Every structure is written in structure tokens, then in C-alpha cells.
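Scroll down for the structure; my scribbles are underneath it.
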Amino acid sequence: MGDAPVPSMAASRPSGPVASETAAARLLAVLWVVSVTTGPWGAAAGGGEESLKCEDLRVGQYICKDPKINDATQEPVNCTNYTAHVPCFPAPNITCKDSGGNETHFTGNEIGFLKPISCRNVNGYSYKVAVALSLFLGWLGADRFYLGYPALGLLKFCTVGFCGIGSLIDFILISMQIVGPSDGSSYIIDYYGTRLTRLSITNETFRKTQLYP
């Protein structure tokens, strides 16, 4: 009887393009597992996600009270170094960390954080008084004396307001709040009244993309 053929024990191995595709698939699988376990999904599954601070809430998720205004200065009562703070209340069912670092579930009546707002430094110079003096007594230099410019005030007094031309120019400059008190402070103007706000472009300034037809 003839001997039966003995099956080959050598395992067949993929070669060529098949082997490279198999290695690539394994590498992609490993990378996917690593990204899931270390990414945001893994952090959420592990309970390591940090609670949001109330200061980082978006507009519409909180409401702030209007500042309390000082009648004498027409600025917020707690204005210090050009900054004041107003209390803000997160919306109901919002959970975040308050200013004390405590995670709280808010109902809409609790203060979540204090929001800084800008305020101005005033030193008793009234805008209405300055404009009135410039309009009626500007030819005598009363406006410049009031704002702390005695030399210019005396010069205007001796020249009758530079023959009226200087008085007109000063009236325009004071009315537009370009000329202010000599000590660098701001005019006392009604907090909710008309006041000049100077805008400057910084790294935090938002620029809207211009669309051209």
C-alpha cells in the first residue's frame, strides 16, 4: 500500500499587502482604545470631570443685578481702581461652583458669583457745570479756571476768550468731553446719561468678520 500524503504542519502566513493591512488595522484599534480611555469619554466614565465654575457660565445662564449708584459721584458705590462688582444669579437648575468653591445646585435666588464691571474715577468736577461755564462765561476763562487750568483761564480772561474764537473751541471740546479736569479724573455725569466711551482694540477685542458682496 502506498503511503498517505502527510499534511504540511507549517502555518500559512499572510504576505505582501495582506500583512501590511493587518498590521495597520491592529495599530488603528490600539489608537482608538487609547483615545477612548484618555479622552473626554474616558474622563466622564471615570467620574473625573471637574464641575464648571459659575464665572464660566454662558450669557443667558445667569442674570446680574444693576449696580447701586452713589448719588454724589454717579458711579457704583463699591468702585475701586476703576472696577466695581455686581452680584449674579445662575438660572434655576444650574449646577456650578460658587465664589467659595462649593458646588451648588441653584434655584435662581442664590448669588453664584460677583461680576466685575468698569467704573470711572471722579473728583468732584461736574460735566453740566463745566458746559454751563463754557457757554456763558467762557470768554472770561471761567471754564478753564473751574477745570484746573489757571494759566489758560487767565489768558482767556485777558484776551476776552481769544476774541471769541478760543471760547467757541473750548465749548466744543468740553461738550464733546475731549477736554476734562486737569487731574485726569472724569466728569460727574448721570450714570445712565450720555457719556463718552473710548474704545480700544486689544487682544480680547472681538472683531466680526466683514462680508463683502
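Read the figures in this text as sums done on the coordinates, not as results from a lab. As the structure is a prediction and not an experimental result, all values here were calculated from the model. No Cβ is skipped: glycine too gets one built from the backbone with ideal geometry, and neighbour counts run over all protein chains shown.
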Practice item. Could you tell me whether region 157-169 includes any residue that is outside any helix (DSSP H, G or I), farther than 23 Å from residue 124 by Cα and not small (Gly, Ala, Ser)? Key: yes
Check your understanding: Do we find that residue 75 is surrounded by 15 or more Cβ atoms within 10 Å (Cβ to Cβ), acidic (Asp, Glu) and touching a residue at least 12 places away in the same chain (Cβ under 8 Å) in this structure?
Key -> yes
Check your understanding: Would you call residue 129 surrounded by fewer than 19 Cβ atoms within 10 Å (Cβ to Cβ) and over 30 Å from residue 53 (Cβ atoms)?
Key -> yes
